[in-house]
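Notes follow once the structure below has been shown.
What follows draws every value from the coordinates through simple rules; no lab data is involved. Everything quoted here is computed from the prediction, not taken from an experiment. Positions of Cβ are backbone-derived with ideal geometry, glycine not excepted, and every protein chain shown enters the neighbour counts.
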Amino acid sequence: MTGATGPGGGRAGREASAVDLAEAVRSGTRSAREVLEEHLEIVGVREPEIHAFNLVLADEARAEADAVDAAVAAGRDPGPLAGVPVALKDNLCTRGVPTTCSSRILEGWRPPYDATAVSRLRAAGAVVVGKTNLDEFAMGSSTENSAFGPTRNPHDPSRVPGGSSGGSAAAVAAGFAALALGSDTGGSIRQPAALCGVVGAKPTYGLVSRYGLVAFASSLDQIGPFARTVEDAAALMEVIAGHDPADSTSLAAPPPSLREALELGVEGLRLGVVTELMDGVEPEAAAAVQQAAAALEGLGAKVGEVSVPAAVYGLSAYYLIAPAEASSNLARYDGVRYGLRTDAADITAMFSETRAAGFGPEVKRRIMLGTYALSAGYYDAYYGQAQRVRTLIIRDFEEAYRGFDALLAPTTPGPAFELGAKTQDPLAMYMSDVCTIPSNLTGQPAMSVPWWPADQALPLGVQVMAPPLGEAVMFRVGAAVEAASPPAGGVEAASPPAGGVEAASQPAGGVEAASPPKAGGG
Amino acid sequence: MSSRISREDVAHVAHLARLALSDAEIDLFAGQLAAVLEHAEDVAALDTSGVAPTAHPLPVRNVLRPDEPGSCLDREEVLAQAPQAEDGRFRVPRILGEEP
Amino acid sequence: MTTTRTEWETVIGLEVHCELRTATKLFCRCPNRFGAEPNTLVCPVCLGLPGSLPVLNRQAVELAIRIGLALGCEVRPSVFHRKNYFYPDMPKDYQVSQYDEPINVSGHLELPDGSRVGIERAHIEEDTGKITHVGGGGRIHEAAHSLIDYNRAGVPLVEIVSAPDIRSAEQARAYVSELRAILVATGASDGKMEEGSLRVDANVSVRPVGSSAFGTRCEIKNLNSLRSLGRAIEHEAERQAAIIEEGGTIRQETRHWDEAAGRTRTGRTKEQSEDYRYFPEPDLVPVAPDDDWLAGVAAGLPTLPAARRDRLAEAVGSAGGAGTAEVALLVELGLDDLVVAAVEAGADGRIAVNRATNEIAAARTAGQGSVALDPAAFARLVSMEADGRLTATQAKSVLAELLASGGDPEAIAKAKGYEALSSDALAGFVDQVISENPAEWEKMRAGDPKIVGFLVGRVMKLARGNADGGAVTDELRRRAAPS
């Protein structure tokens, strides 16, 4: 295990950070093609077991990597993420490449355009290695609701990777890609990031364009980064953030400078541990936050407890608002213009049969729930009431930020669970998002930073929340949590060598596939 | 707000949502929807008088674009995605119901 | 007026859908154009492709505000909602429309006869695609199918909803006619009912005269012309009254006007109506026009038809005036500015109105008259006719030339050989003949009836044939007469 730099199931020594890889490619020390082939090799070894991808774009990625190398050779700027292999959640539109949302209903559909975030990644020189698995239409917390089968947790393949962006989280954790994009509607980036031991961030609503993200719940959806380090996540955020005239809800604010903020440390920052989000989680999840808080205090932060009373209503409000919006967003899958059609004698039968055949049970359940919540006679009691409760939650967080610069909470109630453990009980599955949902309702940024309990084989996440557009302070805190986190699974880990260009290009010391982290360390 | 949901309610909602459900699915959803809505009772019971609803997480207004034409998609590319097309148009089975 | 039979009053409210004259659609940059090849004006947004998002067209909002201001509405902060229902002409299976917070509320429209119809709201929404039904022939077992063109999907509409203030088919026609004039004047619409740019639905009910309660109403669709609107309302009111008189009740429903059959047919009953599950469209943000924006739009508003009619009537009124119908026609044709300017330049109002309502209107209707008529030239032409320098027939001929290629009316008249003498010129020639022929003039003054022919001949010679013999004779006799 020498040289292991991260908690993932990837090979030691191959896990140079994305920032280091880009620097190596930009400077010509390494070729984008070589970096890509290393990652594809890992995909070849572990993907059959993990199933992170719906589609691996090996040939396209090689062409993109070669183009980056050609740019470097020609002296052109290949972009800040030059040659960095990235994985895209398969609900992000990619021009000419199937975009399935892990649903049968989009069978055969090839978008005629790239999502804005994807265009920005390409412009930054990143190399797209594939489209990752998800819970169908991002509805789920385990990636078991995929029409193409579940993704498995690289740290323990009997367990789920979380969801809905489970494929992206697993791809980064397994070393299939250095970075990935996911989408987060109720925790769909942060929760799988926590369960897979990687960094995942949901930006402020409106900071990253949603154009080309297949909508689940429009007022909650945000695209965000997965990475193995906080710095990498910041670098990816800097690339994808910024105003987009194609998204009316895109903020006019300039993209934040995040990597500079990482150096600032947390001394003097006021950090609040959210009482309501510590209640009811498993002891080790709460313990992780307490340990992180203590470590941050040691670094000079002022840590206290803070109550956000209305946060307890988040889950209920979310499971009225999100399905309501989803029921409308998913109406367009009707068999007329693209995707699946089941033939029938008349249009109404065609609509109903197509949708019955094309959607899986969880999607149907949420469409039903949302349709019910919006229907005549129930709107005020359910949807309308949930929107008012949303106002209360926003107010309570605003109040909390009067006394604190950032807030801390667990990302999930506990570590990754076994496949199938919650599939028969929707409500139990929904509870997985109890700590992450409030930030989607308020629009505030939130991120999950891995935390490896000393006596556990599986990672947890410490969640950092900040006021809207508070990404800089959030990443500062995130970097401090990362630095304070116990080494993965007790392995004597080292941070990637500073200026790790040399190190990254050296042949890997340990070539054997890493076992699940905790297993070797005792 | 009672969270008892009848099979008729479920069938009606399924029609609104254009989902052909089996009897077994109707039974399953009747129970599951009731469970979720029961969990939502705490929200339904809150006193929110005087509280404005939030439809957008952040207060942004007047996002407008200039009235300038852009490019359209190629028709062949568009219709190639359609399950059925005819005469430059999307083809659908007969429409029995009236336009609402 | 009391009769044994109940007298019925018809109560009408109209919903007018107006396609806005923008360059692009409401939420995307596809051209807003009628008549293109099917599905060639489409993009990810107006096709509702997964991942696409709407962005609101500023010009559509401004045209909607213009309509609101022209109708005396309160222009308010507004929110878009989604109206959810499945229909294959709607790419997203919901329509984006303003629901409980429309941009324009509480206005009114004053008709030429002075009556006033309330406007409840005028809100923005997107149009649907166009469905063509193929085969079937109405036989139930025959396998018909339909084809869909989404070129029209996403075209901006303003729906203008009147209060139930209209009481007759004639008033309904006048309302639509006046509304159409306003929509055209504001630049919001091309007003073409035949291309579907303006679409009218009528809510019709009847009640006993003197009653203040409303009867059950039916919504009549498929009214493609003012003629259909009038006929449909009359038919529907009679149908409803007959049902009630026979002891029946009116079922609230949608009915379709069959122009060929001259009757309405039942459509969908409201009891079966969809549950639209309206909720705020999360992909769009509220539109809240501030005072500066409203003031800018208001400043760009043209003078509206009612005010233009008043101005025209006032301008020509003192000169013998013009009937209400002529004034309305001139305003509708946009000829009022020309007539007013001509009158201000000294033209005779009656002749100007006459030429405008006849020759100029006919040329416009026939698509002739590509040249914008210069009001000063028109005024000079009218004066030439008024002065007798041109006969009416000559004036029409000169006008035709002016409309075809512009120019100076005097020069055109001269070129056509219509150069009748001005009275000044005529007087000059008469002066000259008198001074050159003193003996003959004395005979004339002495009452010699034969000498006038000689003197007229001298004047005509000086005028090279352009003088009117009768006018010369009149002038000579006027001067010879004892003062």
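Around the amide H of C:Ile103, modelled in the peptide plane, lie the amide H atoms of C:Ile124, all under 5 Å away and 5 or more residues distant in sequence or on another chain.
Across region A:359-371, computed HN-Hα scalar couplings (Karplus, 6.51 cos²θ - 1.76 cosθ + 1.60, θ = phi - 60°) run 9, x, x, 5, 5, 4, 4, 6, 4, 5, 4, x, 4 Hz from first to last residue, x flagging Gly and Pro. Residue-wise HN-Hα couplings along region C:259-267, as the Karplus relation 6.51 cos²θ - 1.76 cosθ + 1.60 with θ = phi - 60° gives them from phi, are 4, 5, 7, x, 8, 9, 10, 5, x Hz; Gly and Pro carry x. Altogether, the Stokes-Einstein calculation at 25 °C and 0.890 mPa s, with the Kirkwood radius of chain B over Cα pairs as Rh, returns a diffusion coefficient of 126 µm²/s.
Taking K and R as +1 and D and E as -1, what net charge do the other residues with C-beta under 9 Å from the C-beta of A:Lys364 add up to?
Working: positive: A:Arg355, A:Arg365, A:Arg366; negative: A:Glu362, B:Glu25.
Local charge sum for A:Lys364: +1.
Per the Debye calculation on region A:225-283 with a single equal scatterer at every Cα and no solvent contribution, log₁₀ I(q)/I(0) for q = 0.18 Å⁻¹ amounts to -0.90. Only the Cβ atoms of Lys and Arg (+1) and of Asp and Glu (-1) were treated as charged; on that basis the dipole of the protein assembly as shown about its Cα centre amounts to roughly 2280 debye. Each 10 Å bin from zero up to the one holding the largest Cα-Cα distance in region A:321-433 carries the following percent of pairs: 12, 27, 30, 23, 7, 2, 0. With neighbour counts taken as other beta-carbon atoms within 10 Å, the residues A:Asp380, C:Asp190, A:Asp396 rank, fewest first, as A:Asp380, C:Asp190, A:Asp396. For region C:25-159, the Cα gyration tensor yields ellipsoid semi-axes of 31, 20, 14 Å (square root of five times each eigenvalue, largest first, whole Å). Hydrodynamic analysis of region C:147-226 uses the Kirkwood radius over alpha carbon pairs. Inserted into Stokes-Einstein at 4 °C and 1.567 mPa s, it gives a translational diffusion coefficient of 88 µm²/s. Length, then width, then depth: along the principal axes, the Cα atoms of region A:348-398 run 47, 24, 12 Å. For C:Lys450, the lysines whose Cα falls under 22 Å of its own Cα, not counting residues fewer than eight places away in the same chain, are C:Lys461.
How much mean residue ellipticity at 222 nm does the protein assembly as shown get from its helices, if each DSSP H run of length 4 or more adds -39500 (n - 2.57) and you divide by all residues, to the nearest 500 deg cm²/dmol?
Result for the protein assembly as shown: -11500 deg cm²/dmol, rounded to the nearest 500.
Dipole size in debye (nearest 20) for region A:229-320 around its Cα centre, Lys and Arg Cβ +1, Asp and Glu Cβ -1? Present the calculation step by step, with values, prior to reporting the outcome.
Values: 3 positive and 14 negative charges, 49 e Å.
Taking the Cα centre of region A:229-320 as origin, the dipole is about 240 debye.
Only Lys, Arg, Asp and Glu carry charge here, each on its Cβ (+1 for the first two, -1 for the last two); on that basis region C:357-483 has a dipole of about 280 debye about its Cα centre. With the charge dipole of chain B set up from +1 on Lys and Arg Cβ and -1 on Asp and Glu Cβ about the Cα centre, the Cα lying farthest toward the positive end among the listed residues B:Leu28, B:Thr48, B:Val92 is that of B:Val92.
Rank the residues C:Lys192, C:Lys25 as a footprinting-exposure proxy: fewest other Cβ atoms within 10 Å of their Cβ go first. Let's see the in-between values first.
Values: C:Lys192 13, C:Lys25 30.
Neighbour counts put them in this order, fewest first: C:Lys192, C:Lys25.
Identify, among A:Leu271, A:Ala293, A:Ala253, the residue whose Cα sits farthest towards the positive end of the charge dipole of region A:246-295, taking +1 on the Cβ of Lys and Arg and -1 on the Cβ of Asp and Glu, with the dipole about the Cα centre. Value computed over the given set: A:Ala253. For the protein assembly as shown, the fraction of C-alpha pairs farther apart than 62 angstrom is 26 percent.
Under the rule that an exposed site lies in a DSSP loop and has at most 15 other Cβ atoms within 10 Å, name the longest stretch of chain A with no trypsin sites (Lys or Arg not before Pro) of that kind, not counting the sites themselves. Free of exposed loop sites, the longest segment is A:96-522.
Database remark: amide H of C:His81 closer than 5 angstrom to the amide H of C:Ser97, C:Gln98, C:Tyr99, C:Glu281 (H placed geometrically; neighbours at sequence offset of 5 or more, or on other chains; Pro and chain starts carry no H).
Hydrodynamic radius of region A:25-94 by the Kirkwood approach over all distinct alpha-carbon pairs: 13.0 Å. In region A:208-288, taking the dipole from charged Cβ atoms about the Cα centre, the farthest positive-side position among A:Met237, A:Ser209, A:Ile223 is held by A:Ser209.
All Cα-Cα distances of region A:249-406, cut into 10 Å bins from zero to the largest, leave 9, 22, 24, 22, 15, 7, 1, 0 percent in each bin in turn.
Sorted largest first, the principal axis extents computed over the alpha-carbon atoms of region C:192-324 equal 56, 55, 36 Å. As a proxy for reagent exposure, B:Arg4, C:Arg277 were ordered by neighbouring Cβ count within 10 angstrom, fewest first; the result is B:Arg4, C:Arg277. By the compact-protein rule of thumb, 2.2 N^0.38 Å, the alpha-carbon radius of gyration of region A:242-337 corresponds to a ratio of 1.61. Summing +1 for each Lys or Arg and -1 for each Asp or Glu among the other residues whose beta-carbon sits under 12 angstrom from that of A:Arg341 gives 0.
Once the Cβ-Cβ distance of C:Val134 and C:Gln252 is raised to the sixth power relative to R0 = 41 Å, the FRET efficiency obtained is 0.80. Centre-to-centre, using Cα atoms only, region A:246-285 and region A:35-77 are separated by 32 Å.
In chain C, the DSSP beta bridges split such that about 95 percent are antiparallel, to the nearest 5.
Along region C:84-98 the Karplus relation, 6.51 cos²θ - 1.76 cosθ + 1.60 evaluated at θ = phi - 60°, assigns HN-Hα couplings of 8, 7, 8, 7, x, 7, 10, x, 9, 6, 8, 9, 8, 8, 8 Hz to successive residues, with x for each Gly and Pro.
For C:Lys396, the lysines whose Cα falls under 17 Å of its own Cα, not counting residues fewer than eight places away in the same chain, are C:Lys414, C:Lys416. Per residue, the average separation of C-alpha pairs within less than 8 Å and at least 6 apart gives chain C a relative contact order of 13 percent. Hydrodynamic analysis of chain C uses the Kirkwood radius over alpha carbon pairs. Inserted into Stokes-Einstein at 10 °C and 1.306 mPa s, it gives a translational diffusion coefficient of 58 µm²/s.
Give me the Debye-computed log₁₀ of I(q)/I(0) at q = 0.11 Å⁻¹ for chain A, equal point scatterers on Cα only, no solvent, two decimals. Values returned for q = 0.11 Å⁻¹ are -0.86. Taking amide H positions as modeled 1.01 Å from N, with prolines and chain starts lacking one, the residues under 5 Å from B:Glu86 and 5 or more places away or on another chain are B:Arg91.
Go through A:Lys131/C:Lys130; A:Lys131/A:Lys364; C:Lys83/C:Lys221 and tell me which ones have a Cα-Cα distance over 26 Å in this structure. Show your work: numbers first, answer last.
Numbers: A:Lys131/C:Lys130 36 Å; A:Lys131/A:Lys364 24 Å; C:Lys83/C:Lys221 20 Å.
A:Lys131/C:Lys130, as the Cα separations exceed 26 Å there.
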